[in-house]
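Note sheet for the following structure.
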Amino acid sequence: MVVTPQTLFTGQQLIWLPACPSTNSEAQALIVQNRASEGCTVITDFQSAGRGQRGNQWEGAPAENLMLSVVWQPTFLAAAQQFRLSQAVALGVHDWAAKLLGPDPKLRLKWPNDLYYGDQKVGGILIENTLSGPKIQYSIIGIGLNINQQEFAVRTATSLAKLTGRVYNRAIVAARLLEFLERRYLQLRAGQTDQLRQDYLRVLYRYQETHFFEVNGQTVLGQIVGVEEDGRLAVAIGSELRRFGLQEIRHV
């Protein structure tokens, strides 16, 4: 069953596939064929070669989770402003989860854009941007969320069903997700970047807390103090303020 979201454009062109290698790849093919309108959304019950951050593969049980990609055209953003889009998307996912789980302080966004409950991962986001000169031409927003899966290969993963004891209708929660995503995207398009930034820091995992990190193979004690405009994580380590890209630091 497909449920049409109450949106202006996100998910109005909705394609639900039984299986595919990657929803991002399917969305890319539609763009190349000039068949993807803005907001085009591809959802699958199972993807065999889903991609995650840091070059990882996204794995999920068939027909139990949400794996989707949304096509947007944020031509109003410069290439250097890509992290603004990442913030908006992550907040849309967090808003959606907060609606389902309630305003739980354990629900956080782990930099740059993973959804966490406590110290366990509920979902991840992979955004692939195509540039035209100094501007973003289009973006493919890949999202994987653990919905009804009960067993995981790693202990640091969880799902909505495990957290609540409920079984969710994936078509309904997918439609609600697209609605929350579009609200944050329209906020970004309206130039409300300061509000997005404040909201992102408010729900950032381990923000302004002292924790261990791995940097260049070494374990260091530091505190996240902010996120730069270009998306780098600002961490105070001792008396030094350092800034890290995605591949340069890990939570321990």
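Things to note:
- The heavy atoms of Cys20 offer some 10 square angstrom of accessible surface to a 1.4 angstrom probe.
- Lys-Lys pairs in the chain that are eight or more residues apart or on separate chains and whose Cα atoms lie under 15 Å of each other come to 4.
- Expressed as a fraction of 2.2 N^0.38 Å, the value expected for a compact globular protein of N residues, the C-alpha radius of gyration of the chain is 0.98.
- Per-residue ellipticity at 222 nm computed for the chain from its helices equals -8000 deg cm²/dmol, with DSSP H segments shorter than 4 residues left out and the rest contributing -39,500 (n - 2.57).
- Going by accessible surface with a 1.4 Å probe and the largest first, Thr7, Thr156, Thr219 read Thr219, Thr156, Thr7.
- Rolling a 1.4 Å probe across all protein chains gives Tyr200 an accessible area of roughly 0 Å².
- Carbon/sulfur fraction of accessible area - the chain, other protein chains in place, 1.4 Å, %: 47
- Rounded to the nearest 10 square angstrom, Arg243 shows an accessible area of 100 square angstrom against a 1.4 Å probe.
- Loop sites here are GluC sites (Glu not before Pro) outside DSSP states H, G, I, E and B with no more than 12 other Cβ atoms within 10 Å. The longest part of the chain free of them is 1-150.
The values are calculated or read from the model by the stated rules, or taken from the named source; none is laboratory data. Because the structure is predicted, anything quoted here is derived from the model rather than measured. Neighbour counts are summed over all protein chains in view; Cβ atoms, including those assigned to glycine, are modelled from backbone coordinates with ideal geometry. Accessible surface is based on the protein model in full, side chains and every heavy atom, while ligands, DNA and RNA are left aside. Shrake-Rupley method; radii C 1.70, N 1.55, O 1.52, S 1.80 Å.
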